[in-house]
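A.B. asks: I am attaching a structure below and will ask some questions about it afterwards.
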Amino acid sequence: MKYLVIGNISAGKTSLCLELQKQADIKEYYSIDGLRQEFSDGTYSGEFLAWAMMLKRLQEIEGPAIYEFSGTGKNKWFVREVIKQSLAKNEDWRVVFCSCDKGQLLKRAEGREYDIPMPYNFGPPGESISFMGRELSAIHGDDYFGCPEITVRTDQLSPEEAAAFVLEESKKS
């Protein structure tokens, strides 16, 4: 099984991914922020390289894997197209939407330091959270990625409970 974990800033994506990786014993886990730290220097060309590495891993990793990014922005189209190609090869995918109350997102994002090399600034947390929320709402439930979706309330479940929920729901769809 391959998982694409998406959600707003501070929605608990990384915590969920790490717990999912542990519970499902998945060796391969890639996040755009991790790839930015590894490959980007904070320039636009560095950002492009980090995304190129994400797409490369999406295309080349065989077997179980977890991938994480917000699910927003221009690169979601590329991710969707790679997943479609993978589905055509009969690979099994689940998109996991990390859903979290906006007030909780704001509380979690408040004072959070980002040390990820990016060539742009997301702006004030409230504006970024609202923008990303609108983008995520536009694709949630419309089969954008072409595979089953699982929505997990990361504001109501611990990472351990959320991962167990995702694994159980994965068996159903």
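A.B. asks: Somewhere in region 156-166, is a residue farther than 20 Å from Gln21 by Cβ, touching a residue at least 12 places away in the same chain (Cβ under 8 Å), open to solvent by 40 Å² or more (accessible area, probe 1.4 Å) and part of a helix (DSSP H, G or I)? Spell out how you get there, then give the answer.
C.D. replies: So in region 156-166, the residues farther than 20 Å from Gln21 by Cβ come out as 156.
Imposing the further condition that a residue be touching a residue at least 12 places away in the same chain (Cβ under 8 Å) reduces the set to none.
No, that holds for no residue.
A.B. asks: Then there is this: Can you find a residue that is at pLDDT 90 or above, part of a helix (DSSP H, G or I) and more than 22 Å from Lys56 (Cα to Cα) anywhere in region 90-102? Quick ask: steps written out before the conclusion?
C.D. replies: At the first step, the residues of region 90-102 found to be at pLDDT 90 or above are 90-102.
Imposing the further condition that a residue be part of a helix (DSSP H, G or I) reduces the set to 102.
With the extra rule that they be more than 22 Å from Lys56 (Cα to Cα), the set shrinks to 102.
Checked region 90-102: at least one residue is at pLDDT 90 or above, part of a helix (DSSP H, G or I) and more than 22 Å from Lys56 (Cα to Cα).
A.B. asks: Right, something else. Scan region 25-52 for residues that are hydrophobic (A, V, I, L, M, F, W, C) and part of a loop (DSSP other than H, G, I, E, B) and jot them down.
C.D. replies: Taking region 25-52 first, the residues hydrophobic (A, V, I, L, M, F, W, C) are 26, 32, 35, 39, 48-52.
Within region 25-52, just Ile26 meets the criteria.
A.B. asks: Residue check: is Thr72 β-branched (Val, Ile, Thr) and open to solvent by 30 Å² or more (accessible area, probe 1.4 Å)? If you could, list the steps in order and put the result at the bottom.
C.D. replies: On the way: β-branched (Val, Ile, Thr): yes; open to solvent by 30 Å² or more (accessible area, probe 1.4 Å): no.
For Thr72, the condition - β-branched (Val, Ile, Thr) and open to solvent by 30 Å² or more (accessible area, probe 1.4 Å) - is not met.
A.B. asks: Another question, then. Only one of these is open to solvent by 30 Å² or more (accessible area, probe 1.4 Å) and free of Cβ contacts under 8 Å to residues at least 60 places away in the same chain: Met53, Met1. Name it.
C.D. replies: Working: Met1 fails: free of Cβ contacts under 8 Å to residues at least 60 places away in the same chain.
Every option except Met53 fails the conditions.
A.B. asks: Mind checking whether some residue in region 135-144 is over 15 Å from the mean Cα position of the chain (by Cα), modelled with pLDDT of 90 or more and crowded, with 19+ Cβ neighbours inside 10 Å? Before the answer, list the steps.
C.D. replies: Going through region 135-144, the residues over 15 Å from the mean Cα position of the chain (by Cα) turn out to be 138, 141-143.
Remaining after also requiring modelled with pLDDT of 90 or more: 138, 143.
Checking which are crowded, with 19+ Cβ neighbours inside 10 Å leaves us with none.
Among the residues of region 135-144, not one is over 15 Å from the mean Cα position of the chain (by Cα), modelled with pLDDT of 90 or more and crowded, with 19+ Cβ neighbours inside 10 Å, which makes the answer no.
A.B. asks: Continuing with the same structure: Would you mind finding the one in Arg108, Arg112 that is outside any loop (DSSP other than H, G, I, E, B), at pLDDT below 95 and farther than 26 Å from Pro64 by Cα?
C.D. replies: Numbers: Arg112 fails: outside any loop (DSSP other than H, G, I, E, B).
After ruling out the rest, the residue left standing is Arg108.
A.B. asks: Would you confirm whether any residue within region 72-87 is assigned to a helix (DSSP H, G or I), over 14 Å from the mean Cα position of the chain (by Cα) and polar (S, T, N, Q)?
C.D. replies: Yes; the residues of region 72-87 include at least one that is assigned to a helix (DSSP H, G or I), over 14 Å from the mean Cα position of the chain (by Cα) and polar (S, T, N, Q).
A.B. asks: Going by what's in this entry, would Arg134 be described as out of contact with any Phe, Trp or Tyr (no Cβ under 9 Å at 6 or more places or on another chain) and assigned to a helix (DSSP H, G or I)?
C.D. replies: Working: out of contact with any Phe, Trp or Tyr (no Cβ under 9 Å at 6 or more places or on another chain): yes; assigned to a helix (DSSP H, G or I): yes.
Yes; evaluated as a whole, the condition is true for this residue.
A.B. asks: What tally of residues in region 83-124 results from selecting those that are open to solvent by 80 Å² or more (accessible area, probe 1.4 Å), within 22 Å of Leu167 (Cα to Cα) and touching a residue at least 60 places away in the same chain (Cβ under 8 Å)?
C.D. replies: 1
The values are calculated or read from the model by the stated rules, or taken from the named source; none is laboratory data. Since the structure is predicted, the reported quantities are computational estimates derived from the model, not experimental observations. Heads up, the Cβs are rebuilt from the backbone with ideal geometry, glycines too, and the neighbour counts pull from every protein chain shown. These area figures cover heavy atoms from the full protein model, side chains too; ligands, DNA and RNA do not enter into them. Shrake-Rupley method; radii C 1.70, N 1.55, O 1.52, S 1.80 Å.
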